[in-house]
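The values are calculated or read from the model by the stated rules, or taken from the named source; none is laboratory data. Note that the coordinates shown come from a computational prediction; the quantities given were computed from them, not determined experimentally. In this analysis, Cβ positions are derived from the backbone assuming ideal geometry, glycine residues included, and neighbour counts consider all displayed protein chains.
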């Protein structure tokens, strides 16, 4: 009898704890969409220890400045995603969302969790060839499509 009372009390306490648990405050506001960027990248050093030109050659050509490119807005069955990238040459220096809009609260929650992971993976891979975020397949696919369109535009394709 004592075991039954303890089991019921434990189950009730567990349900109360589970139902009162909140994962986060809610979906991100439009003004606070996630973004990721690389810090400044130093020039490669030459064998002489100087940055820039190698011994016996002229100065290196000026590098291209940062270029901001907006990917196409991709709408799937759960919302709309649009990516903005900043590139220097062929390197992705920063990536952010121009749009990350879900069609319901659950979509916004999934986007809020998947968004930063997708941005981080982009900077590591330096391409649109990134893994899908578990539980956010449609978000990941739409993100990759928008990112690839931005990369294509930045490369002049």
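This table checks each residue for (1) crowded, with 16+ Cβ neighbours inside 10 Å; (2) farther than 18 Å from residue 133 by Cβ; (3) modelled with pLDDT of 90 or more.
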{"site": "23", "(1), (2), (3)": "no, no, no"}
{"site": "30", "(1), (2), (3)": "no, yes, no"}
{"site": "59", "(1), (2), (3)": "no, yes, no"}
{"site": "82", "(1), (2), (3)": "yes, no, yes"}
{"site": "90", "(1), (2), (3)": "no, yes, no"}
Considering the stretch 87-119, residues that are assigned to a strand (DSSP E or B) and over 13 Å from the mean Cα position of the chain (by Cα), and then whichever is farthest from residue 67 (Cα to Cα), we arrive at 102
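Just need a number here: residues in the stretch 120-152 that are surrounded by fewer than 16 Cβ atoms within 10 Å (Cβ to Cβ) and assigned to a helix (DSSP H, G or I).
Step one: list which residues in the stretch 120-152 are surrounded by fewer than 16 Cβ atoms within 10 Å (Cβ to Cβ), which gives 120, 124-127, 129, 131, 134-135, 137, 141, 152.
With the extra rule that they be assigned to a helix (DSSP H, G or I), the set shrinks to 120, 124-125, 137, 141, 152.
Here the count works out to 6.
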| Going by the structure shown, is residue 70 surrounded by fewer than 19 Cβ atoms within 10 Å (Cβ to Cβ) and under 24 Å from residue 125 (Cα atoms)? | yes
If we ask which residues in the stretch 119-139 are touching a strand residue (DSSP E or B) at 6+ places or on another chain (Cβ under 6 Å) and under 18 Å from residue 99 (Cα atoms), their number turns out to be 4
In the stretch 87-99, anything closer than 20 Å to residue 127 by Cβ and in contact with a helix residue (DSSP H, G or I) (Cβ under 9 Å, 6 or more places away or on another chain) is listed as 87, 90, 92, 93, 94, 95, 96, 97, 98
